[in-house]
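These notes are about the structure you will find just below.
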Amino acid sequence: MTEFTFRNANDGDFELSFEIRKNALGKYVEQTWGWDENRQWKYHKDDFNPAILRIIEVGNEPAGTLENYAEDNSMIVSGLYIINKFQNQGIGTRVMTSIIRNASENSANVMLQVLKVNPKAKALYERLGFTVYETTDTHFKMIYKPVEK
């Protein structure tokens, strides 16, 4: 099992987080809208928020990013990106399991969305207990509701 750590992001992680997102999500963006580097750069610039971003590292090597925050008694996962080199090593599953555990302890839901063209991610979330609550042209919006105690 691949061990990983988190570190809080800072303003200097802008380019790194763009490259991680591009590596992990680029082919799905390409399939959905077509890849336009300038448009994606602008989107990332508008979306970049170090306050909700953590860098996932294996050793001292960046392996991915996690963007999440609390809102209205829910934990929102606005991005979980693991680069190709570190995919299929259980990192995403363990990150999400930890988020689910923490949210459940506070009787909070976990919400996220996944591109329709990414069935592997959707299957991961379904395996962890998420269900689709809304469908858009491009995304499945999913929710995990903690078991009532």
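Ranked by the mean number of other Cβ atoms within 10 Å of their residues, highest first, the peptides 5-14, 51-60, 21-30 come out as 21-30, 51-60, 5-14. Only the Cβ atoms of Lys and Arg (+1) and of Asp and Glu (-1) were treated as charged; on that basis the dipole of region 12-91 about its Cα centre amounts to roughly 200 debye. Per residue, the convex hull spanned by the Cα atoms of region 90-134 measures out at 69 cubic angstrom.
By the gyration tensor of its Cα atoms, with a ≥ b ≥ c the square roots of the eigenvalues, what is the shape of region 1-44: rounded for a/c under 1.5, prolate for a/b over b/c, or oblate? In terms of gyration-tensor shape, oblate.
Think of a 1.4 Å ball rolled over the protein heavy atoms: region 35-149 then has 56 Å² of accessible area per residue. Applying a threshold of 28 Å to the alpha-carbon distances of 85/116; 42/145; 22/145; 85/145; 27/145 flags 42/145; 22/145; 85/145; 27/145 as lying beyond it.
Where both bridge residues fall in the chain, DSSP classifies roughly 90% of the beta bridges as antiparallel. Expressed as a whole percent, the accessible area of region 1-145 that falls on carbon and sulfur atoms is 47 (1.4 Å probe).
The values are calculated or read from the model by the stated rules, or taken from the named source; none is laboratory data. Since the structure is predicted, the reported quantities are computational estimates derived from the model, not experimental observations. As a convention, Cβ positions derive from the backbone with ideal geometry for all residues, glycine included, and neighbour counts pool all protein chains shown. These area figures cover heavy atoms from the full protein model, side chains too; ligands, DNA and RNA do not enter into them. Shrake-Rupley method; radii C 1.70, N 1.55, O 1.52, S 1.80 Å.
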